[in-house]
Amino acid sequence: EPDLGFGQGKGYIDTRALFGADLVLDKVACHQEGLVATATRYEAADTNAVVVALDSNGGRDPKFGENGLLALSDLIPEGSLHSLEGIAVISLTPEMQRIVICTYMKSDSGWYSVTSGLSLTGRLDDKFGEVGHHWSDEGIINSGFTVEDSSQRITLYGQHYSIDDDRSQPTLYRLDYAGEPAREFNQGQVVRFGIDGEWAHIEATEGGLIGYGGFFYFNLAVRYQSDGQLDTRFVSPHGYGQFGAFSPEDGFYTAENSIVIDTENQRMVVSGEDVQQGYRLPCLLALSLKPVQ
């Protein structure tokens with residue numbers, strides 16, 4: 001049933017009526033006072049990345065940004081062509097929360113992924129990273145990120161694209177909740193994978209990280225230890241293995257779709273679609289994480 005306590009008795013909001021702008025929302029995160037979402041704002045022939053904020057009843061949050069809207073061009077003015085790749089709310093303490101966003105953008109010296117820490121009112125937290133931001137190595141394109149309050153770690157995953165070689169190499173790195181490189185993970189450096197492609201979704205799990213990526217014609221599941229080394233107990237002796245179909249064969253396909261780790265049943269569930277004789281059906285694929293006997 002719609003929750004009529006949200007959206008002025010309707011159970012939903014019309015963003016155009018609420019904000020007076022053409023918005024397409026993408027990712028959303030909740031905090032103790034409301035919610036925030038990444039969005040694209042369409043203006044004439046132009047598009048701009050923004051963060052929108054609502055109170056707990058679905059109303060515009062006037063304390064956030066400019067009456068509920070925060071433009072990335074204002075937040076990171078030294079860049080252009082901003083693209084928001086993720087948003088999350090982290091809890092430094094039970095009483096203190098912070099918004100984290102990741103933005104892919106162009107600067108004078110190249111393309112970067114920038115991770116930023118914000119207060120719940122949309123102001124840069126200058127205690128996060130370097131004056132509110134952590135800048136990736138040049139050429140890093142993050143697909144997204146996940147957070148884990150218990151370890152206070154941010155896991156960023158995607159690829160490094162080399163213009164000179166025209167190659168994409170999967171990448172993975174971690175930050176602490178202060179926006180600094182997590183030194184226990186590959187000594188704070190980016191972990192690169194040796195097959196061209198990109199990591200699509202990576203989650204923290206007990207003792208390490210697990211997820212999957214796309215490699216042009218197939219998908220690979222992967223597991224890393226907490227120090228950034230491949231966990232060779234997973235699909236022994238490699239630490240990774242192929243699942244789903246090889247393009248263009250029929251079978252299971254996924255690309256940048258989400259996953260969930262079912263710890264109790266020792267499985268990873270991946271969302272995607274089953275392709276059979278030209279038909280596409282939404283489905284879930286469960287991959288066993290149980291040790292091979």
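Here are the numbers for this structure:
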| quantity | calculated |
| --- | --- |
| Residue count, the stretch 161-176 (criterion: more than 20 Å from residue 116 (Cβ to Cβ) and of a type outside the set (Asp, Glu)) | 7 |
| Residue among 23, 81, 54, 35 that alone is under 24 Å from the mean Cα position of the chain (by Cα), modelled with pLDDT under 90 and either not aliphatic (A, V, I, L, M) or not in a loop (DSSP other than H, G, I, E, B) (or both) | 81 |
| Matching option when the condition is surrounded by 19 or more Cβ atoms within 10 Å (Cβ to Cβ) and touching a Gly at 6+ places or on another chain (Cβ under 8 Å), among 69, 54, 4 | 54 |
| Given (1) of a type in the set (S, T, N, Q); (2) surrounded by fewer than 16 Cβ atoms within 10 Å (Cβ to Cβ); (3) within 19 Å of residue 142 (Cα to Cα), index of the condition residue 38 fails | (2) |
| Matching residues, the stretch 235-269, being assigned to a loop (DSSP other than H, G, I, E, B) and under 22 Å from the mean Cα position of the chain (by Cα) | 254, 255, 256, 257, 258, 263 |
| Conditions (1) over 18 Å from residue 200 (Cβ atoms); (2) part of a strand (DSSP E or B): number failed by residue 146 | (1) |
| Residue 99 closer than 22 Å to residue 190 by Cβ, under 19 Å from the mean Cα position of the chain (by Cα) and part of a strand (DSSP E or B) | no |
| Residue in the stretch 139-162 that is acidic (Asp, Glu) and either more than 16 Å from the chain's Cα centre (by Cα) or surrounded by 19 or more Cβ atoms within 10 Å (Cβ to Cβ) (or both) present | no |
| Filter result (more than 15 Å from residue 239 (Cα to Cα), in contact with a Pro (Cβ under 8 Å, 6 or more places away or on another chain) and in contact (Cβ under 8 Å) with a residue 40 or more places away in the chain) within the stretch 177-214 | 198 |
| Search result, residues across the stretch 122-143 that are more than 17 Å from residue 182 (Cα to Cα) and assigned to a loop (DSSP other than H, G, I, E, B) | 122, 123, 125, 126, 131, 138, 139 |
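The values are calculated or read from the model by the stated rules, or taken from the named source; none is laboratory data. These figures come from a predicted structure and were not determined experimentally. We place every Cβ from the backbone using ideal geometry, glycine too, and count neighbours over all the protein chains shown.
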